1. For the range 106-220, which fully contained helices (runs of 4 or more DSSP H) count at least 2 residues that are more than 24 Å from K70 (Cβ to Cβ) and modelled with pLDDT of 85 or more?
2. Are any residues in the range 347-366 out of contact with any strand residue (DSSP E or B) (no Cβ under 8 Å at 6 or more places or on another chain) and assigned to a loop (DSSP other than H, G, I, E, B), and if so, which ones?
3. On the given criteria, is S267 of a type in the set (G, A, S), out of contact with any strand residue (DSSP E or B) (no Cβ under 7 Å at 6 or more places or on another chain) and over 16 Å from A284 (Cα atoms)?
4. For the range 752-771, does any single residue satisfy the condition of being under 27 Å from the mean Cα position of the chain (by Cα), under 24 Å from I948 (Cβ atoms) and not in a loop (DSSP other than H, G, I, E, B)?
5. Failed condition for N896, given (1) surrounded by 24 or more Cβ atoms within 10 Å (Cβ to Cβ); (2) assigned to a loop (DSSP other than H, G, I, E, B); (3) at pLDDT 95 or above; (4) not aliphatic (A, V, I, L, M), with all others met?
6. Mind listing whichever residues of the range 719-742 are open to solvent by less than 30 Å² (accessible area, probe 1.4 Å) and farther than 19 Å from I942 by Cα?
7. Where residues in the range 756-809 are aromatic (F, W, Y) and modelled with pLDDT of 90 or more, which of them is surrounded by the fewest Cβ atoms within 10 Å (Cβ to Cβ)?
Amino acid sequence: MKSCGVSLSVAAARRLSAAADEEKKMAAGKASEPEEDAPRLSAQESDALARVDSSLFGDQRLQEDGASMKALLVKAVRCYEALILKAEGKVDPEFFCQLGHFNLLLEEYPKALSAYQRYYSLQSDYWKNAAFLYGLGMVYFHYSAFQWAIKAFQEVLYIDPGFSRAKEIHLRLGLMFKVNTDYESSLKVRPEDSACSLTKRYRAAKEAYESLLQTEDLPAQVKAATFQQLGWMHHTVEQLGDKANKDSYAIQCLQKSLEADPNSGQSWYFLGRCYSSIGKVQDAFISYRQSIDKSEASADTWCSIGVLYQQQNQPMDALQAYICAVQLDHSHAAAWMDLGTLYESCNQPQDAIKCYINATRSKACSNTPALAARIKYLQAQFCNLQHNSLQSKSKMLPSIEEAWSLPIPAELTSRQGVQSTGQQVRPDRHTPQPQTPNWYPSPQKLQMRQNSSGQIRASLPNGPSLPAHPVPRAPSCSAPPLANGPLPPSVGNNHTPGTRANGDVPYLHPNTLPHNCTSPGDTRKSQHLTSAQGLQKGLGSLWAGPNGDRTLSSSASADGGPHNQVGLSATTPSEPAVNHLSSPSLQRLLAHLVPIAPLLFKILFYSAEITFFFMCNVTLIYRNLGKNGLSSSSILLNKCPPPRLPPPPSPPLAKDKLNPPTPSIYLENKRDAFFPPLHQFCTNPSNPVTVIRGLAGALKLDLGLFSTKTLVEANPEHLVEVRTQLCQPADENWDASGQRKQWRCESSRSYTTIAKYAQYQAASFQESLRVRTLHPSQLLTLSIRAGGPFKQVKFGTNIDVSDEKKWKLQLQELSKLPAFARVVSAGNLLSHVGHSILGMNTVQLFMKVPGSRTPGHQEHNNFCAVNINIGPGDCEWFAVPEPYWGVMSEFCEKNNINFLKGSWWPNLEDLYEASVPVYRFIQRPGDLVWLNTGTVHWGQAIGWCNNIWWNVGPLTAYQYKLAVERYEWNKLQSVKSMVPMVHLSWNMARNIKVSDHKLFEMIKFCLLRTLKQCQTVKEALVAAGKETIWHRRSRDEPAHYCSICEVEVFNLLFVTSESYSRKSCVVQCQDCARKASSDLDGFVVLQQYRMEDLMQVYDQFSLVSRFI
């Protein structure tokens, strides 16, 4: 659906012209009455205004018209206001929308907001007008009301992904998400969209930086940050001149940055990169050493040093540097990849495989397919090698396990010691003149130490030697593979520093709004200073860190997600969240919002754009933020506006009903387990969660097959994802200091094996025997009350047990369950997907110690879930009914956490205050917990236990409806739906007979919409002369998703010609493909189903009687 702004503006202009003519006739009869001439628009002016709407904001064409266009807009505003005043506001709502557009183009933001809000209140189907939503979003963005702006922009892309200013929206969404510390969403900016606009702006960014530096009495921290950005930009952007001049200017800027702030570790690191690129070895490594001294230990710095060692053929030194990097940041994909390449070059494939696996688990990994192919090849090669021959060969390097326990270099441990004691080195306030570290040789010694090839190589008395003429990010020589096969990634090209920093875009924060409960004063002591705090301290402190230094963290998120990302904390909300279109009154809004100063905004916007330009050139896998597919592809049953958060149930529950008893059913024998009313009770929407007690005994399930002892005996080397968490009471969630409650549930991710986690589990239990006088929960409570530091626990999660060859006995045992709870059954929607979705229609295992937490969430696409406690310990659960998920999402938004992708642990006091009921219960060994459709839940182990888990989709209209609603909500939020609902719906039509009328109507509607879409696309391809290539689906072939926007792609797959020639088939949706090439040059279109076959399936899918 295209934006209706232009067509509506034409109608409004014509109505206005007609009204003016009528007014002229009436005025002719009142010549005796003196009155001021009312402004009137000519037919030519009306036609010109008919093509004007909010999409022209900032457009170059509008700027070229200059004064004439501005005069016309001013006249139009006066004319519209006069007409509205005369009609006492009783005019077509489109007049208000156009008035909002004109005021927006004139940058009269208060008037634009007032007009837009009036249009919203009068026009029931306002959501169909993309130009209105875009204009409203731009006003909110101007006032830094980012939460409302995000919602408005997302709706624009949902109803019209081809909107003319879509690229602008993507960029602004990325900037706003970054300010809100939602870095994962911020990085989902389509590279080609960003690069095409950002490459035109870096010169303007340079001018803006230099203009800012001319400001008198500029605060030192702002000056340092500006010089840092300016220097790094010149080092990385090729278009700013020849390399020699660029590097010289970059070094000058970074030196001036360090004059203003000698403690900036990031500036020292950038300076080292610049020195190394021009071959100044000694200066480069002095800078690297200063970076380690001045900033928090940086994994990027150690990874860069490791690359240099590897390029100079110093494998042991490189190993030590890489180990430092991954110990500082367990999810540093670049270091893991480079370390794997190092091991492979030393003919140690087993260690290389482990490193590559760790790299693929990181969200920052940019070449997962290549690594996966390499891992597969190395595993095959390793299995073919003779064990004895491997034993006889001496290893060049210690294994990864041995290297992990090697002592950390003295230069790193000394820095950590300084950090732990809080010591600060106060450098001279003038130009920093760092002394040469004692570990670096003198120039005389440097000249004397040369290897046989003539390369200079410096040595470290207390550590590895340093290579000569390093180029930290240049491609290194490829490591020799074991044999033929896909090559590993090149060393040193695997990451970009500073991609999760928030300090380099010092926006005014939306938390200045009265609705936001964020309390800047409650931030963690270790956090960077936020923009909201900068408002209180003035512009000079906007870019400051905790100690006045501006920091740019270069390490990636430790768990690949938002769990460890630093964000603002939240206190108890003082006011409920409001919808972006239910905003406060104009006077109230303007009383609390401060527009961004023009020059400052220009600086900030260009700063952020250049930052994104750097990332786009390196991380080409980042997705198109907010790209949601055509609205015509919506599979919701009725034509309705974009999905919205549901309001809380009304009336609110009484306080004595906020802790309802959890439905529990006790089974005595097998007959009870297969009694049909049990299935009906569990799937009843009025029962959010059900505990089936005594299930294992009634069915004689051998839970010992899932015990830690049996798991170790069966597959000791099986991979286990480990979450390192803080051990806390189950009903509380504190920050690391134990001083403040929070919603953010922090954890870090690593990997181990079943055997090693079993050792940890046993050691944890043995340690508890020493203090066996108290229950674990009592010990946790005491540690909180005493104010002592929290103990860390490791939670073994997401253990895949789907391989029937490895886990045959375990999977067979689960076939004893009643049909409605089995992993595979005819009545389970997920059994009709046709391929495995790990963790949903396959079994996952969890290994726990007391304190292991599963943060709050809903299951993917709102499917049901089954969880069985293996024991021997208990688990404590919390659950909230599905109708309250909107309230939970608003709480997450207030606390700067992404509801769908973030990690959060609700504050029970907040929930009770908002009248949200919470089910709370204990799951004992042998108990089965059934989580009904859409139930929000979280839980914690209070003993040592294992659990097994999978999802189930009951064949009901309620389940299908909620799954489809979440499918569309995911599109709006730019989140991939794990269950391909279109693909599933067609398989259901082929495989099952439906007697439920509501379910039948919804499935039939989905088939009709997708069939129509396929036919429309096919006809458009034929008209354009683009042929489709027949590509029949293979057995167990997964559903396809767009590699750019991650929406499901059904039947017609748009594949780049290059990937098709390589038979890798990187799929895109039609919209993304046409954005890359409007005439689809460079793409081939694969067709997986014949239209005749789809129409036959549609015709044969019919409602059957319940009594047949």
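1. 109-122, 130-142, 146-159, 166-179
2. Listed by number, the residues that qualify are N347, Q348, S362, K363, A364, C365, S366.
3. Answer is no for this residue.
4. Within the range 752-771 (the criterion being under 27 Å from the mean Cα position of the chain (by Cα), under 24 Å from I948 (Cβ atoms) and not in a loop (DSSP other than H, G, I, E, B)), the answer is yes, since at least one residue qualifies.
5. Checking N896 against (1) surrounded by 24 or more Cβ atoms within 10 Å (Cβ to Cβ); (2) assigned to a loop (DSSP other than H, G, I, E, B); (3) at pLDDT 95 or above; (4) not aliphatic (A, V, I, L, M), the one that fails is (3).
6. V720, E721, D735, G738, Q742
7. The extreme case among them is F765.
Listed here are the residues, each with its yes/no results for (1) over 22 Å from E1092 (Cα atoms); (2) in a helix (DSSP H, G or I).
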{"residue": "W950", "(1), (2)": "yes, no"}
{"residue": "A963", "(1), (2)": "yes, yes"}
{"residue": "R966", "(1), (2)": "yes, yes"}
{"residue": "N970", "(1), (2)": "yes, yes"}
{"residue": "V975", "(1), (2)": "yes, no"}
{"residue": "N987", "(1), (2)": "no, yes"}
{"residue": "K998", "(1), (2)": "yes, yes"}
{"residue": "E1001", "(1), (2)": "no, yes"}
{"residue": "L1007", "(1), (2)": "no, yes"}
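The values are calculated or read from the model by the stated rules, or taken from the named source; none is laboratory data. Everything quoted here is computed from the prediction, not taken from an experiment. Using ideal geometry, Cβ is built from the backbone for each residue, glycine included, and neighbour counts are taken over all protein chains shown. Surface accessibility is based on the protein's heavy atoms, side chains included, excluding ligands, DNA and RNA. Shrake-Rupley method; radii C 1.70, N 1.55, O 1.52, S 1.80 Å.
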